[in-house]
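Written below as structure tokens is the structure these notes are about.
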Amino acid sequence: MNKFTTQKHIFSMKYKVYTQKSFKKIPQIQNLSAEQIFDIEVLGEIFPFKVNNYVIDELIDWDNFNEDAIFRLTFPQKGMLSKKYFDKMAELIRNEAPTKEITKASNEIRLTLNPNPSGQAHNVPVLNGEELMGAQHKYNETMLFFPTQGQTCHAYCTFCFRWPQFTGLEGLKFAMKEVDLVIAYLKKHPEVTDLLFTGGDPMVMKSKVFKTYIDAILEADLPNLKTIRIGSKTLAYWPYRYTKDDDASELLEVFRSITDAGLSLSFMAHFNHISELKTAAVAQATKAIRETGANIRTQSPLLKHLNNDADMWANMWRKQVDMGMIPYYMFMARETGAQEYFGLTLEEAWTIFRDAYSQVSGICRTVRGPVMSANPGKVQVLGITEINGEKQYVLNFLQGRNPKWVGQPFFAKYNDKALWLSDLEPAFADKFMYED
Ligand SMILES: *Cc1c(COP(=O)(O)O)cnc(C)c1O
Ligand code: SF4
């Protein structure tokens, strides 16, 4: 008998989605004032959004939407755009400008928002002189794979640096169908132990499609490959993917085939707020995934207006551990898009991390943060200290383009405005070790 028959859905859950074009049809949107609705319309031209019935009905607190993190996570906020650009777009919309004109203005504004940060485009692996456009190999052990059919999400996060990928701007989209090329590359690169499926969200793809990728990888029987990772926000945005979708049990079987083959499967779950852990649906989905032998690790950026609250983080990590998940990363917001709205200084971020970290048990302290996923590598802010009467940042590479940098603490001059690695200057040296 099929192991997963017991988890088969009793009834399937209809996935209903709204975008900037259709959001006025969301029944709860009537809670907003006419002005608030217009603001969303304007912002939606620059920050495309997408929200589904689970997020609307189960996650957003409509009685308190002005303060609600999940509302701000899914609907673009006025502070995300400068007044100049907001007014420009508002005028176009008020005057019912032609679509062409709106699109042109929108693309111009988007380009000023730095849609491709931290050299995302510069880590494309090369195989026999040919670029693998749908993959990235930056750190020795881990290769990123962007399956073509996973380049969207069940809902979009307003802070997301990947939004250019979803909006059809030319040349920014990583995509590759040929898993065969990935396999050939992995054969040539025995240093790679981890293959990370990412997106968008690879779990938007049909189980059948995902199975095609996984079957090919398992059949290749690569001796170096130890771990398959899946980066996904589905547990937060559409937990029914693992319980009620028509092909939910098929997906769990694919997971099981990975662990049965002796590989470890690590589900990298994105949770931005403890509210995303409150439903029965997420608890059931978590259980179903863990029953396949997969581990679930969690990560999130730290964002102003969304989750800049140490107690919330501490409670979220505790709750994740209670549910059988492993807290993994707290990221700094990237230098992109609406960074002025979401960004926190390194000092603010470190303070929040420390306040949260110091109040949880060692079991939750698997988490590392705050971490900047920057051009030279993943840099953790270990703290601020005083040396010879002067304040300094102490930083540490958790991942580096050059593995020799990892675990070698280094110093930067204290700067209370720094938001990112590029805002820092070296202390006790002419340059940072990665600047050679
Ligand atoms: C974070 C990241 C990885 C994985 O790093 P781990 O520390 O092993 O989780 C791999 N590649 C890129 C480009 C990354 O940003
Ligand atoms: S789910 Fe992930 S990739 Fe998708 S919009 Fe959110 S942060 Fe971006």
Give just the number: which of (1) within 20 Å of the chain's Cα centre (by Cα); (2) more than 16 Å from ligand 2 (Cβ to nearest atom); (3) within 25 Å of Cys157 (Cα to Cα) does Gln399 not satisfy? (3)
If I filter the range 79-98 for residues that are within 15 Å of ligand 2 (Cβ to nearest atom), touching a helix residue (DSSP H, G or I) at 6+ places or on another chain (Cβ under 9 Å) and in a helix (DSSP H, G or I), do I get at least one hit? yes
Would you call Gly262 crowded, with 23+ Cβ neighbours inside 10 Å, outside the structural domain of Tyr54 (by TED's automatic domain parsing), among the small types (Gly, Ala, Ser) and outside any helix (DSSP H, G or I)? no
Considering only residues of the range 205-226 that are among the β-branched types (Val, Ile, Thr) and open to solvent by less than 40 Å² (accessible area, probe 1.4 Å), which is nearest to ligand 1 (Cβ to nearest atom)? Ile217
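Take the residues in the range 412-429 that are closer than 23 Å to Arg334 by Cβ and of a type in the set (Phe, Trp, Tyr), then tell me which one is modelled with the highest pLDDT.
Residues of the range 412-429 closer than 23 Å to Arg334 by Cβ: 412-426.
Imposing the further condition that a residue be of a type in the set (Phe, Trp, Tyr) reduces the set to 414, 420.
Numbers: Tyr414: 97, Trp420: 93.
Step by step, filter the range 412-429, then rank; the result is Tyr414.
For every residue, the table says whether it meets (1) at pLDDT below 95; (2) open to solvent by 10 Å² or more (accessible area, probe 1.4 Å); (3) outside any strand (DSSP E or B); (4) farther than 20 Å from Cys157 by Cβ.
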residue: Asn308; (1), (2), (3), (4): no, yes, yes, no
residue: Ala314; (1), (2), (3), (4): no, no, yes, yes
residue: Arg318; (1), (2), (3), (4): no, yes, yes, yes
residue: Thr366; (1), (2), (3), (4): no, yes, yes, yes
Within the range 207-239, how many residues are closer than 28 Å to Glu58 by Cα and at pLDDT 95 or above? 11
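So that you can scan it fast, the table gives a plain yes or no per residue for (1) out of contact with any Pro (no Cβ under 9 Å at 6 or more places or on another chain); (2) within 25 Å of Ala333 (Cα to Cα):
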site	(1), (2)
His189	no, no
Asp194	yes, yes
Thr212	yes, no
Leu218	yes, no
Thr243	yes, no
Ala269	yes, yes
Thr298	no, yes
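With the structure loaded, tell me whether Leu222 is assigned to a loop (DSSP other than H, G, I, E, B), away from ligand 2 (no atom under 16 Å from the Cβ) and of a type in the set (A, V, I, L, M) or whether it fails that test.
Numbers: assigned to a loop (DSSP other than H, G, I, E, B): yes; away from ligand 2 (no atom under 16 Å from the Cβ): yes; of a type in the set (A, V, I, L, M): yes.
Against the criterion (assigned to a loop (DSSP other than H, G, I, E, B), away from ligand 2 (no atom under 16 Å from the Cβ) and of a type in the set (A, V, I, L, M)), Leu222 qualifies.
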Among what's in the range 193-219 and is in a loop (DSSP other than H, G, I, E, B) and under 16 Å from Asp247 (Cβ atoms), pick the residue that is farthest from ligand 2 (Cβ to nearest atom). Lys206
Looking at (1) within 16 Å of ligand 1 (Cβ to nearest atom); (2) touching a Phe, Trp or Tyr at 6+ places or on another chain (Cβ under 6 Å); (3) polar (S, T, N, Q), find the lone condition where Thr292 falls short. (1)
Which condition breaks for Tyr329 when tested against (1) of a type outside the set (D, E, K, R); (2) open to solvent by less than 10 Å² (accessible area, probe 1.4 Å); (3) within 15 Å of ligand 1 (Cβ to nearest atom)? (2)
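Given the criterion open to solvent by 10 Å² or more (accessible area, probe 1.4 Å) and in contact (Cβ under 8 Å) with a residue 24 or more places away in the chain, identify the matching residue among Glu96, Glu35, Glu45, Glu91.
Details: Glu96 fails: in contact (Cβ under 8 Å) with a residue 24 or more places away in the chain; Glu35 fails: in contact (Cβ under 8 Å) with a residue 24 or more places away in the chain; Glu91 fails: in contact (Cβ under 8 Å) with a residue 24 or more places away in the chain.
Going through Glu96, Glu35, Glu45, Glu91 in turn, the sole match is Glu45.
The values are calculated or read from the model by the stated rules, or taken from the named source; none is laboratory data. Keep in mind that what you see is a predicted model, and the values were worked out from it rather than measured. All Cβ positions, even for glycine, are placed from backbone atoms using ideal geometry, and neighbour counts span all protein chains on display. Heads up: the accessible areas ignore ligands, DNA and RNA and are worked out on the full protein's heavy atoms, side chains in. Shrake-Rupley method; radii C 1.70, N 1.55, O 1.52, S 1.80 Å.
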